[in-house]
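Let me begin by handing over the structure; questions about it come next.
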Amino acid sequence: MFAVSAAVILLVTVLILVGIRPRLKARSELETPPWSKALMVGGGVIFPVVVLSVLWVLTLHDMSALSVPATSPALTVNVIGHQWWWEVRYPTQGVVTANDVHIPVGQPVRLNLTTADVNHSFWVPQLTAKTDMIAGRLNTMWLQADKPGVYRGQCAEYCGLQHANMIFYVVADARVAFARWMSQERQPPVQPSDPTLQQGQQAFVTSACTACHTIQGTTANGRVGPDLTHFGSRVSIGAGAVPNTAGNLGGWIIDSQSIKPGNIMPPIQVDARQLQALIQYLESLK
Ligand SMILES: [Cu+2]
């Protein structure tokens, strides 16, 4: 388009300069040259119609080429926005996680985007443009990471108090690492044999946590908050609010409101010894 436009501008400029060059002949001697009509119809009507039509067809071709990936995506991920975290589902594999979107590198991935409450917007600046997550609608897009790494994503549609702390990470793994992650995710975590971890599991399943969180392989099957089945392998706590460390997890459980004010998880009273066990248990869920 640039090359064609540049050529046309050059041609028009030359014609204008020729047209306004100082007249050497007297006015009376000027006469309309016989080819003037042909120039007007050819240069003013036929030429632009042909050039613009060709450019239009090329543009349509490029636009449709960009809207679908070169090869059809082998993997589909459903991402559902919540105030203020991201539910991530791999429907074919039956895997549910949150706030981290693992994808294989060098391969297009189809994304189905919607929301469980208000409108959000899915945005990974380094990988793809924004796509809104609209209540009652399913928006589809695709992305591809060419290099392995962790790409930060952000909600890009104001969705309430903790909109700015509605962060996620696209983790692009090499193929083998992705396959390993996926097979890990497909299984419930190993039942703990260590007494401290058992105590932590007990503390979890006998407390209010189960009303809102699921851990596969236990009786906890709440759906209000993120699925914690493989919580230990996550990058962050609270959708990017703080890094996933044991210290931050303790603070989160006791009073997540001080870390992420306004979020849906209430402060929960946990006995100090049980809290240590609970932290160790949750961090062991790889
Ligand atoms: Cu949001």
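The numbers here are math on the coordinates, done by the rules we state, and not lab data. As the structure is a computational prediction, the values presented were derived from the model and not from experiment. Note: ideal-geometry Cβ built from the backbone for every residue, glycine included; neighbour counts use all protein chains shown.
Among Tyr281, Tyr90, Tyr158, which comes first, second and so on when ranked by fewest other beta-carbon atoms within 10 Å? Mind showing how you got there, number by number?
Values: Tyr281 25, Tyr90 18, Tyr158 11.
Ascending number of Cβ neighbours within 10 Å: Tyr158, Tyr90, Tyr281.
From the backbone phi of the stretch 51-57, what are the Karplus-calculated ³J(HN,Hα) couplings (6.51 cos²θ - 1.76 cosθ + 1.60, θ = phi - 60°) in whole Hz, Gly and Pro given as x?
4, 5, 5, 4, 5, 5, 5
Can you work out ³J(HN,Hα) from phi for every residue in the stretch 182-188, in order, using Karplus 6.51 cos²θ - 1.76 cosθ + 1.60 and θ = phi - 60°, giving whole Hz and x for Gly and Pro?
Couplings: 5, 5, 5, 5, 6, 9, x Hz.
Now for a different question. Which length gain, in nm to one decimal place, applies between Gln257 and Ile46 when the Cα-Cα distance is subtracted from 0.36 nm times their residue separation? Can you show the working numbers first?
Values: separation 211, 0.36 × 211 = 75.96 nm, distance 6.87 nm.
My answer for the length gained is 69.1 nm.
Can you find, among Val88, Ala6, Ala174, the residue sitting farthest towards the positive end of the charge dipole of the chain, where Lys and Arg contribute +1 and Asp and Glu -1 at Cβ?
Result: Ala6, furthest along the dipole toward the positive end.
Quickly rank 76-83, 110-117 as a protection proxy: mean count of other C-beta atoms within 10 Å, highest first. Walk me through the numbers on the way to the answer.
Details: 76-83: 20.1, 110-117: 18.5.
Per-residue Cβ counts within 10 Å, averaged per peptide and sorted highest first, yield 76-83, 110-117.
Which listed residue (Leu52, Cys159, Leu66) has the Cα farthest towards the positive end of the charge dipole for the chain, taking +1 on Lys and Arg C-beta and -1 on Asp and Glu C-beta about the Cα centre?
Highest projection toward the positive end goes to Leu52.
Count the DSSP beta bridges whose two residues both fall in the chain, then state the antiparallel fraction as a percent rounded to the nearest 5.
Here the antiparallel bridges make up roughly 70 percent for the chain.
Another question about this same structure. Calculate one ³J(HN,Hα) per residue across the stretch 77-91 by plugging θ = phi - 60° into the Karplus curve 6.51 cos²θ - 1.76 cosθ + 1.60, and present them in order as whole Hz with x for glycine and proline.
Result, ordered by residue: 10, 9, 10, 10, x, 10, 6, 9, 8, 10, 8, 10, 10, 10, x Hz.
Given the chain, what whole percent of its Cα pairs are spread farther than 26 Å?
Details: 22994 of 40755 pairs.
Roughly 56 percent, rounded to a whole number.
How much FRET efficiency would the formula 1/(1 + (r/R0)^6) give for Val57 and Asn112, where r is the Cβ-Cβ distance and R0 is 35 Å, rounded to 0.05?
Between Val57 and Asn112 the formula returns 0.65.
Related question: With no solvent and one point on each alpha carbon, what is the Debye value of log10 I(q)/I(0) for the stretch 75-186 at q = 0.19 Å⁻¹?
Taking Cα atoms of the stretch 75-186 as identical point scatterers yields -0.93.
Further question on the same structure: Find the centroid of the Cα atoms in the stretch 143-201 and in the stretch 208-233, then give the distance between the two in whole Å.
For the stretch 143-201 versus the stretch 208-233, the Cα centre distance is 14 Å.
Of the listed peptides 57-68, 174-185, what is their order by residue-averaged count of other C-beta atoms within 10 Å, with the highest listed first?
174-185, 57-68
Next question. Treat every Asp and Glu Cβ in the chain as -1 and every Lys and Arg Cβ as +1, leave all other atoms uncharged, and give the resulting dipole magnitude about the Cα centre to the nearest 20 debye.
With only Lys, Arg, Asp and Glu charged at Cβ, the dipole is about 920 debye.
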